[in-house]
Every structure is written in structure tokens, then in C-alpha cells.
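Novice: Here you go, one structure.
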Amino acid sequence: MKLSDFILMNEDEKKMTVLHQGVLVAKRKSFDSMVFLFHLGSYYVEAYCNPENKAIEEYMIFDNVKLLNPYLDTIPIDKLLN
């Protein structure tokens, strides 16, 4: 699926696509949200979830790997270096 196809989907279609076709890569906390990072082919989708009601409130879609930096800090590499 192309990035442009995902952008044109309604909220329910985006949710189903992310949950059934996306590969969960990482998660992080951001202010008042829990952010889940999914990989969908040639792009990434961040799903911003409300931790109280578990609802997805926003999607951020990108294909620039530089935007993965917030997740790279959470990967422990100590064991990989030894």
C-alpha cells in the first residue's frame, strides 16, 4: 500500500490497516499519549493513543528515517557492544 493510499483512508480504515498490516516496531511516551510506531512497507505510522481510554487520537505518517530518532534512544545496545 502506498503512503498516499493510507493518507486518504478514513479513521476506521487507518486503524484496521495499522493493526492488521502494520508491523509494530517500537513504543514511547509523549506528553499525554502513548505512541506506537508501525512499519507499513515503505513508510512508518505513529499511532498516538490516549492511555486512559486506549483510543487512537492521531496518526503521523512519514517515510523519512531521520524521524525514527526518538525511538533509537530507547533501544539498549550495551549487550550488542560486548
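Novice: May I have the pair-distance distribution P(r) for the range 22-64, computed from all Cα-Cα distances with 10 Å bins from 0 and rounded to whole percent?
Specialist: The distribution over the range 22-64 is 32, 53, 14, 1, given as percents.
Novice: In the chain, what percent of the accessible surface is made up of carbon and sulfur (1.4 Å probe, ligands and nucleic acids excluded)?
Specialist: Carbon and sulfur together cover 56 percent of it.
Novice: Using a basic spin-label model with each label point 7 Å from the Cα along Cα→Cβ, how many nm lie between residue 25 and residue 11?
Specialist: 2.5
Novice: Multiply the residue gap between residue 39 and residue 60 by 0.36 nm, knock off their C-alpha separation, and tell me the result in nm, one decimal place. Spell out each step's value before the answer.
Specialist: Values: separation 21, 0.36 × 21 = 7.56 nm, distance 1.19 nm.
Extending this stretch completely gives an extra 6.4 nm.
Novice: Continuing with the same structure: By how many degrees, between 0 and 90 and to the nearest 10, does the Cα long axis of helix 11-21 differ from the longest principal axis of the chain?
Specialist: Helix 11-21 sits roughly 50 degrees off the main axis of the chain.
Novice: With every protein chain left in place, what is the accessible area per residue of the range 25-66 in square angstrom, probe 1.4 Å? If you can, show how the numbers build up before the last one.
Specialist: On the way: 2660 Å² over 42 residues.
With all protein chains present, the range 25-66 gives 63 Å² per residue.
Novice: Then there's this: Mind grabbing the accessible area of residue 60 for me, 1.4 Å probe, Å², rounded to tens?
Specialist: Solvent-accessible area, nearest 10 Å²: 80 Å².
Novice: Under unit Cβ charges (Lys, Arg +1; Asp, Glu -1), what dipole magnitude, rounded to 20 debye, does the chain have relative to its Cα centre?
Specialist: Dipole magnitude for the chain comes out near 300 debye.
Novice: Compare 9, 16 by solvent-accessible area with a 1.4 Å probe and give them largest first, with all protein chains kept in place. Don't jump to the answer; show the numbers that get you there.
Specialist: Numbers: 9 35, 16 105 Å².
These residues rank, largest area first, as 16, 9.
Novice: In whole Å, what are the Cα extents of the chain along the three principal axes, biggest one first?
Specialist: Rounded to whole Å, the extents work out to 46, 31, 20 Å.
Novice: Continuing with the same structure: Please give the solvent-accessible surface of residue 4 in Å², to the nearest 10, using a probe radius of 1.4 Å with every protein chain present.
Specialist: Here the residue's solvent-accessible area equals roughly 60 Å².
Novice: Tell me the trypsin sites (Lys or Arg not before Pro) within the range 1-71 that lie in a loop according to DSSP and have at most 15 other beta-carbon atoms within 10 Å.
Specialist: 2, 54
The values are calculated or read from the model by the stated rules, or taken from the named source; none is laboratory data. Since we're looking at a predicted model, the values are computed, not measured. All Cβ positions, even for glycine, are placed from backbone atoms using ideal geometry, and neighbour counts span all protein chains on display. Ligands, DNA and RNA are excluded from the accessible area calculation, which covers all protein heavy atoms including side chains. Shrake-Rupley method; radii C 1.70, N 1.55, O 1.52, S 1.80 Å.
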